[in-house]
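Written out below as structure tokens is the structure these notes cover.
The values are calculated or read from the model by the stated rules, or taken from the named source; none is laboratory data. Keep in mind that this is a model prediction, so the values were computed, not measured. Positions of Cβ are backbone-derived with ideal geometry, glycine not excepted, and every protein chain shown enters the neighbour counts. Just the protein is used for accessible areas: all its heavy atoms, side chains included, with ligands, DNA and RNA removed. Shrake-Rupley method; radii C 1.70, N 1.55, O 1.52, S 1.80 Å.
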Amino acid sequence: MGMHFGAKTYDVSSMYPSMSIVHNISSETINCECCKTDPEAKILPEVMEEINKELEVPRPRGTYWICKRWRGKFSEIMEDLLQRKEQYKTHGLTLKEKALKLFMNSGYGTFGQVYFKYYDPRVAELITGFARHTLDSLVKFVNDNGGKILFGDTDSIFVAENNNDDAIDIISEAKERFNVKLVRDRLWKILFLTSNKKQYVGLTNQGNVVDKGLVGKKNNQPVYFNEVISYLIDQKVVEIFVNEGPKLAISRMLDYIREVYQTLDEKVSRDHDLEFIYDKLAYSAKSSKALYDFKQNGWQKDIYNEICADSGGTVELAKSKSAANLVYRFWKVQNQIGAKGITVTMHPESHMLNIRKYKEELWTCVKPLLEAYGLDKNELSTFENEMMKTQNTFQSS
Ligand SMILES: [Zn+2]
């Protein structure tokens, strides 16, 4: 978590599917008749250990061996796909490359699905076991050589930059010891990791801001939240960390967020500024079923009731406006007396918005970033309290 000046990311997204290629994993090569007595065919005890970590009842040593004589069909197919994927990459066909990546990754996963025609959990189990063993060994290699792993998941490994970098040649290690190709995909000038490491943002050596998974950037969130987050991870703002130091960068950020909350308060509580509310504060959500099929309380039911009222009781009309797979826009309102207990509305002009809810949800977008930018628990909670305070100076008219 936190801020790291200088880091590298290695792409390990092909690691799992590669295992079937490197270790010849395929239904017919696992526990084959021809290699039953060949000690060389037995899988490593370390890999068995990895597999057993996931199982309630551990499998005994010697459970698995893999054919040394014949090439497995699945392994062959995966190799072909991997080659194509790399060709796409060389030619800059990013979309095709991604499609193949997804296809390969789901390709081994389906072996663990009971309804798959070629269901064989051993394939999924061995691939996962080998991949974990390989990744763990690479992490250990980095640590043993004085390097530091910041974060790793099934897509990437993040390594802190180090004076001793030449000694930690993780790419060669991967190639020589495990026969897998590791690709360095990014160099970071500065990298910010949140406590939920699936969300991060950083400035690359080329000067681009790259982010992943930030809640506030999702398009179901109000535009206002998207704008705030975009500002906070803007290149110019992130560069302040590098050029003028974290202290100044953070103090400017906090000032900006204060302003953001102030504006929210003014536009919603004081002015009930409809233009702002319409344009910037709508949530949107897609409904998988028709709205009238929802019996429980929730946004779907609230909106359907409003559509009914708008349709003057004409059920056919109401139903035609409440179809499945549409994206609905709505606003969060105060659950007050006289509003029949609704929590969302399509008519913000006739309701008070739930300012507290907006503030809280904006906070859930902003918080991971502030955390990544280096605020500690105390600072975060103090600042959160400051932001949640209702501005009693306003009297809603
Ligand atoms: Zn064999």
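Enumerate cysteines in the chain without a disulfide-compatible partner, where compatibility requires another Cys Cβ under 4.7 angstrom.
Cysteines of the chain left without a disulfide-compatible partner: Cys34, Cys35, Cys308, Cys365.
Answer with one residue from Pro222, Asn385, Phe294: the one whose Cα lies farthest towards the positive end of the charge dipole of the chain, charges on Cβ with Lys, Arg +1 and Asp, Glu -1.
Sorting the options by dipole projection puts first Phe294.
Rounding to the nearest 20 debye, state how big the charge dipole of the chain is about its Cα centre with +1 on each Lys and Arg Cβ and -1 on each Asp and Glu Cβ.
840
Under 10 Å, Cα contacts only: if you run a Gaussian network model on the chain, which one of Glu86, Glu161, Glu173 comes out with the highest mean-square fluctuation?
Most flexible of the set in this elastic network: Glu86.
Report Rg/Rh for segment 282-352, rounded to two decimals, where Rg is the Cα radius of gyration and Rh the Kirkwood radius.
Here the Rg-to-Rh quotient is 0.94.
Go through Phe225, Phe151 and list them by solvent-accessible area, largest first, probe radius 1.4 Å.
I get Phe151, Phe225, largest accessible area first.
For segment 236-349, what is the per residue volume of the convex hull drawn over the alpha-carbon atoms, in cubic angstrom?
Once divided by residue count, the hull of segment 236-349 is 157 Å³.
For the chain, compute Rh as the Kirkwood radius over C-alpha pairs and then the Stokes-Einstein diffusion coefficient at 20 °C and 1.002 mPa s; write the answer in µm²/s, rounded to an integer.
Calculated translational D: 85 µm²/s.
Hey, which of these cross-link pairs are over 25 Å Cα-Cα: Lys267/Lys357; Lys53/Lys89; Lys218/Lys359?
Pairs exceeding the cut-off: Lys53/Lys89.
Accessible area per residue for the chain in Å², computed with a 1.4 Å probe and the full protein assembly in place, what is it?
54
Could I get the Rg over Rh figure for segment 18-136? Both from C-alpha atoms, Rh via Kirkwood, rounded to two places.
1.00
Label points 7 Å out from Cα along the Cβ direction at Asn297 and Asn145: separation in nm?
5.9
Go ahead and estimate [θ] at 222 nm for the chain from helices alone: -39,500 (n - 2.57) per DSSP H run with n ≥ 4, summed, over the residue count, rounded to 500.
-14000 deg cm²/dmol
In the chain, carbon and sulfur make up what percent of the accessible area (probe 1.4 Å)?
50
Given contacts defined as C-alpha pairs under 8 Å and at least six residues apart, what's the relative contact order of segment 2-193, whole-number percent?
39
What is the angle, in °, between the Cα long axis of helix 73-90 and the longest principal axis of the Cα atoms in the chain? Nearest 10 is fine, range 0 to 90.
Helix 73-90 and the main axis of the chain meet at about 60 degrees.
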